[in-house]
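First comes the structure, then the notes that go with it.
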Amino acid sequence: MKEIESVLLDSSFCIRLLKSDADFHQNTVDYFEFFLENKVEMYLSTIVVSEYAVGDNPDNLLSLNAFRLLEFDYADAKFAGQFLATLRSLGKFGDFGERKVVINDIKLFSQIHNRDIDAYITKDRRSLTKIIEPLSNTYNLKFEFVDLSIPLRDRLGKLF
């Protein structure tokens, strides 16, 4: 497995990083420190910024000066449309209930695919089985899924 040099952060990562009483806060801090120490490029999508802004000022995140801001562009949008069309044709879109964030997840995965980002870190395990795995077969997605609920010490041998 190749070494991770870049990671896209989900809003669940950002929330837990700055909220000390959140579940998996310490896991998030450990991953954050590891990424910094190992010079792993941490991408913060403008899509994640918009989700984060619902509950807190995103300037609090940007003040850490640790993230590379990633804007959603035309090429990302093309992949997102293709991803959604594929999920619909597979009968996989619609399994998400009332979860409107799924559209944002598809946009994030299109950014990862379009930009060749190595990993995605989140607490949302459902996106792996509902979106990433079905798309992997068609689009050969090759990014590492990092689950925040798994402590860094338990993943080090597997990830890096």
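Derivation of every value follows stated rules applied to the coordinates shown; laboratory data play no part. Only a predicted model underlies this, so the values are computations on that prediction, with no experimental measurement involved. Please note: Cβ atoms are built from the backbone with ideal geometry, for glycine as well, and neighbour counts cover all protein chains shown.
Among Tyr43, Phe13, Ile106, pick out the residue whose Cα is farthest towards the positive end of the charge dipole of the chain, where Lys and Arg carry +1 and Asp and Glu carry -1 on C-beta, about the Cα centre.
Farthest along the dipole direction, towards plus: Ile106.
Report the local net charge at Ile15: Lys and Arg +1, Asp and Glu -1, summed over other residues whose C-beta lies under 13 Å from its C-beta.
-3
Quickly work out the Asp116-to-Ala75 label distance, labels modelled 7 Å from Cα along the C-beta direction, and quote it in nm with one decimal.
Label at Ala75, label at Asp116, 1.0 nm between them.
Stokes-Einstein D for the chain at 4 °C, 1.567 mPa s, Kirkwood Rh over Cα pairs, in µm²/s? Don't skip to the end; give the middle numbers.
Details: Rh = 16.0 Å.
Result for D is 81 µm²/s.
Once you place label points 7 Å from the Cα toward the Cβ at Ile103 and Ala66, how far apart are they in nm?
3.2 nm
Highest mean first, how do 85-91, 107-113, 134-140, 46-52 rank when packing is the count of other Cβ atoms within 10 Å averaged over residues?
On the way: 85-91: 13.0, 107-113: 24.6, 134-140: 14.7, 46-52: 19.7.
Per-residue Cβ counts within 10 Å, averaged per peptide and sorted highest first, yield 107-113, 46-52, 134-140, 85-91.
Report, in debye and to the nearest 20, how large the dipole of segment 6-159 comes out about its Cα centre when Lys and Arg carry +1 and Asp and Glu carry -1 on their Cβ.
It works out to roughly 480 debye.
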